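Peer 1: I'd like to ask some things about the structure below.
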Amino acid sequence: MSVTQHAEPAVTSPPTPGPKESDGRTSERPLALRLLARPEVGVFLGAAAVYVFFLISAPPVRDGSSMANILYQSSTIGIMALPVALLMIGGEFDLSAGVAVIASALTASMVTYQLTVNVWAGVIVALVVSLGIGFLNGWLVVKTGLPSFLITLGSFLILQGVNLAVTKLVTGNVATDDISNMDGFGQAKKVFASSFDVGGVQVKITIVWWLVFAAIATWVLLRTKYGNWIFAVGGNKDSARAVGVPVAFTKISLFMLVGFGAWFIGMHQLFSFNTVQSGEGVGQELIYISAAVIGGCLLTGGAGSAIGPVFGAFMFGMVQQGIVYAGWNPDWFKAFLGVMLLGATLINLWVSRAATRR
C-alpha cells in the first residue's frame, strides 16, 4: 500500500516594498516650494515689501487719498501690462505699445475736432485704427517669421514719426485741440476718465477697469481653450500647430489685444486732459514689458499669469508715487525700476530652480 503525499502549496509573502525612487517630478514637494513655483507669489511678496518700505519711509502714503493716487498710477500701467503679458506668454512682445497709446488718442481727438463730429465717432475710429495696428504687427510676424522685436521696433519708429508729423500737419502744433466742448465728451469721460467717492476719497474709474480686465484675463488663461492656445504657442509653436492649435490666429489676436489696451489707455488720457501731446509715449513700452516680466512672464514665452503683472504694475505705481511722497529726487525713479526688474528676474530664476530641484 502506497502512501501518496500531498504537498501543501507554498505561501509566499510579497516582497516588502523598498523606498520609492524619486525622479523629481512625481514626488510631493513641500508646500512652500509649490507656492514659490507660482510666478505671482514671488511678485506679491516683492510688492508687499515695497509697500511696507514706503509705508515706513514716506508717511503720506498712509493717507487714503495717497493710496488712491498710487492705485490710479498703477492702473494706467496695469491695464496695458495685461495684454502685453498675454502676448509675452504667447512668445512675442510689442515695442510699439507706448506710442500706439498716443496714436489712438491723437486719432480720436483729430477726427472729432477737425471733422466736428460726435466724440464717440472719434472713439470708434481710434479703436479701428488701434486694432488695425495690432493686426498688422501680428500678420507681419506670422507671415515673415521675423522676430517680433524687429517688426514692432519698426512700428514704434513709424508711429513715433507719424504721430508728430501728422499732428503738426493737421493742427499746426505738437498737441491736439481741446475737445471738451464737443458733443458726447461728458459721456465718454464717464466711461474712460471719471471718478467716484469711497469714504471721502476720490477713486478713478481706471482702477475698477484694471481689476475687471485682470479678472477676465485670468479666467481666459485658466478656463478657456484660447488660454490653452496662448500657452501652447508660447511654449512651442510647431508642436502646437501639430496638435491643431491655430497659431496664426492666436498670435495675431494677441497683438490685437495689445491694440485694444492701447486704445483704452489712449482714450483715458484724452478724456482726462482734453488734449494730447504728440511726442508722448516713448519709453512706456519698456514699463509695460517690465511690469509683465516682474510679474513672472518669461521673455521666451509659455509661462506667466495675469495676476503677476497686476502686482508688477502696483510695484511701479508704488515706487513712482512713493518717491514723490518721500520727498526724494524723482530722477531716481528709473534707477529703482531697473533695480526692481533685475532683482525680479534673478529672484524668478532662483525660485524656478529651487522649485524644480530634487
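Peer 1: Using only Cα atoms, tell me the angle between helix 225-235 and the longest principal axis of the chain; keep it within 0 to 90° and round to the nearest 10.
Peer 2: With both axes taken from Cα atoms, the answer is about 80 degrees.
Peer 1: Something else: Would you mind putting 47-55, 265-273, 317-325 in packing order, based on average other-beta-carbon counts within 10 Å, highest first?
Peer 2: Working: 47-55: 15.9, 265-273: 23.4, 317-325: 21.0.
Top of the packing list down: 265-273, 317-325, 47-55.
Peer 1: Across the stretch 262-274, in residue order, what do the Karplus-derived ³J(HN,Hα) couplings come to in whole Hz, using 6.51 cos²θ - 1.76 cosθ + 1.60 with θ = phi - 60° and x for Gly and Pro?
Peer 2: 4, 4, 5, 5, x, 5, 4, 5, 4, 7, 7, 10, 6
Peer 1: Please determine, in degrees from 0 to 90 and to the nearest 10, the orientation of helix 97-115 with respect to the longest principal axis defined by the Cα atoms of the chain, where the helix direction is its Cα long axis.
Peer 2: Roughly 40 degrees between the two axes.
Peer 1: Sticking with this one: Taking the Cα centre of the stretch 191-270 as origin, sum charge times position over the Cβ atoms of Lys and Arg (+1) and Asp and Glu (-1), and report the length of that vector in debye to the nearest 20.
Peer 2: That gives the stretch 191-270 a dipole magnitude of about 280 debye.
Peer 1: What is the percent carbon and sulfur in the accessible area of the chain, measuring with a 1.4 Å probe over the protein chains and ignoring ligands?
Peer 2: Details: 12040 of 18400 Å².
About 65 percent, which is the carbon plus sulfur part of the accessible surface.
Peer 1: Find the accessible area per residue for the stretch 232-350; the probe is 1.4 Å, ligands and nucleic acids are left out, and the unit is Å².
Peer 2: It amounts to 42 Å² per residue over the stretch 232-350.
Peer 1: About its Cα centre, what dipole magnitude does the chain give when the only charges are +1 on Lys and Arg Cβ and -1 on Asp and Glu Cβ, stated in debye to the nearest 20?
Peer 2: About 620 debye.
Peer 1: Next question. Hey, can you rank 202-209, 183-190 by average C-beta count inside 10 Å, highest first?
Peer 2: Taking the mean over residues of other Cβ atoms within 10 Å, the ranking is 202-209, 183-190.
Peer 1: Can you pull out the trypsin sites (Lys or Arg not before Pro) in the stretch 218-302 whose DSSP state is coil and whose Cβ has at most 11 other Cβ atoms within 10 Å?
Peer 2: Qualifying residues, ordered by number: none.
Peer 1: Rounded to the nearest 0.05, what FRET efficiency is calculated for Val208 and Val339 with R0 set to 51 Å and r the Cβ-Cβ distance?
Peer 2: Between Val208 and Val339 the formula returns 0.95.
Peer 1: Starting from 0.36 nm per residue, how many nanometres of slack lie between Arg62 and Leu299 once their C-alpha separation is accounted for? Write out the running numbers ahead of the final one.
Peer 2: On the way: separation 237, 0.36 × 237 = 85.32 nm, distance 3.54 nm.
Computed gain between Arg62 and Leu299 is 81.8 nm.
Peer 1: Please determine, in degrees from 0 to 90 and to the nearest 10, the orientation of helix 64-89 with respect to the longest principal axis defined by the Cα atoms of the chain, where the helix direction is its Cα long axis.
Peer 2: Helix 64-89 and the main axis of the chain meet at about 60 degrees.
Peer 1: Restricting to lysine pairs 8 or more places apart or on different chains, what number in the chain have Cα atoms under 27 Å apart?
Peer 2: Lysine pairs, 8 or more places apart or on different chains, close enough: 10.
Peer 1: If each of Asn181 and Ser195 carries a label point 7 Å out from its Cα toward its Cβ, how far apart are those two points in nm?
Peer 2: Label at Asn181, label at Ser195, 2.5 nm between them.
Peer 1: Among Ser75, Ile323, Ala49, which residue has its Cα furthest toward the positive end of the charge dipole of the chain, with +1 on Lys/Arg Cβ and -1 on Asp/Glu Cβ?
Peer 2: So the residue we want is Ala49.
Peer 1: Would you mind working out the accessible area per residue for the stretch 83-184, using a 1.4 Å probe, and quoting it in Å²? Intermediate values should be presented prior to the final figure.
Peer 2: Details: 4280 Å² over 102 residues.
For the stretch 83-184, the per-residue accessible area is 42 Å².
Peer 1: Please work out the FRET efficiency for the pair Val243 and Arg223, using the Cβ-Cβ distance as r and a Förster radius of 25 Å; give the result to the nearest 0.05.
Peer 2: It comes out at approximately 0.80.
The values are calculated or read from the model by the stated rules, or taken from the named source; none is laboratory data. What you are looking at is a predicted structure, and each value in this text was computed from that prediction instead of being measured. Using ideal geometry, Cβ is built from the backbone for each residue, glycine included, and neighbour counts are taken over all protein chains shown. Ligands, DNA and RNA are excluded from the accessible area calculation, which covers all protein heavy atoms including side chains. Shrake-Rupley method; radii C 1.70, N 1.55, O 1.52, S 1.80 Å.
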